[in-house]
Structures are given as structure tokens and as C-alpha cells.
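The values are calculated or read from the model by the stated rules, or taken from the named source; none is laboratory data. Predicted model, so just to flag it, every value in this text is computed and none were measured. For neighbour counting, all protein chains shown are included, and Cβ atoms are generated from backbone atoms with ideal geometry for every residue, glycine included.
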Amino acid sequence: MKVMPHRIDHVTIRIANADDRPSLIPIINAAFGIEAFLEGTRTDDEHLSATMRKGDLMVAERDGQAIASVYVELRGERAYFGMLAVDPAQQGKGLGKLMTAAAEQYGRDHACEHMDISVLSLRPELLPFYRNLGYSETGTEDFHPTRPLKAGVSCHCIVMSKPL
């Protein structure tokens, strides 16, 4: 497997390993804290371990500190990315765009022709962000949360795709 040593503004992106989990869990949970419609935190060591067995988690570091991550999974000719998380103290500096580009490059490096993401219908503010990166809505699918939705809340996924 090819590891991508992206360096932009003193940020290095690489594939995360088991030793990275303790520093990534609080970043992911803080970044997803905005999802108040779900009970509990976004991930824990058990869930993140399982995620990393299914696909790859990429981590962005600055000065040896984790500041962002994104999950990437190969699905034949398609790649999927999700769980894009940027440390709230680092948000608004282009790291989300950088991590998305790194996920796309990962897909290209593995001969994928398209990249997919599922955006929660309760996060409509994300749709313009991904549209600006070349993604378009291609359908919807059921949401299968890893943690319960709060009472009275309903949600589905909006599938967005981009040719690589």
C-alpha cells in the first residue's frame, strides 16, 4: 500500500495506526459534538478499532500533533470517505478540504474511479461544502446510526459522488 506523505502548510497526512487512536478519539468526538441529535459520543476505542479494520483512517499532523482525520474505504471501483473530523481549534483553515483531497488521492492511488460520501440529512450545511469540492447528490439511503437518535428525530443519508 502506498502511503501519501502530503505536506501543505507544515501538515503531514499519513495512514493512522493503533497508536494514534488515543489522540484521534477526542478530536473525532469534539468535531462531531455538533451532532446533538444523536445520543452519546461519535466513537470510542472499540468502534474506532473496528473502523480501522474495515478501511483506513488517515491522520493529519502538525508538529507531531494530530489535528484532523478522515476514514477511507475501498469498494471495488469506488472509494468511500466519511468521519471527516477536524480539531475544532483548527477548523476554518482548509483542513477539511485538504483531508478530502487526500481521501480522493487515496482512491486514485487504488484505481478507484469515483469517490462517495453519505451526508446526514440533519447536516444540510455540509451539502454546499461538498458541492464546492465537485460532489453532487446521487441518491439517498437509510441511516444506520452507531448510536441512537434522540427521541422524535428522523434522519436519512444523502449520497454524494464525484468522479476521480
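What residue, of GLY139, GLY134, is farther than 16 Å from LEU84 by Cα and free of Cβ contacts under 8 Å to residues at least 24 places away in the same chain?
It is GLY139.
Condition test on GLU35, is it at negative phi and touching a residue at least 60 places away in the same chain (Cβ under 8 Å)?
yes
Counting just the residues of the stretch 64-75 that are small (Gly, Ala, Ser) and at pLDDT 95 or above, which one comes out surrounded by the fewest Cβ atoms within 10 Å (Cβ to Cβ)?
ALA66
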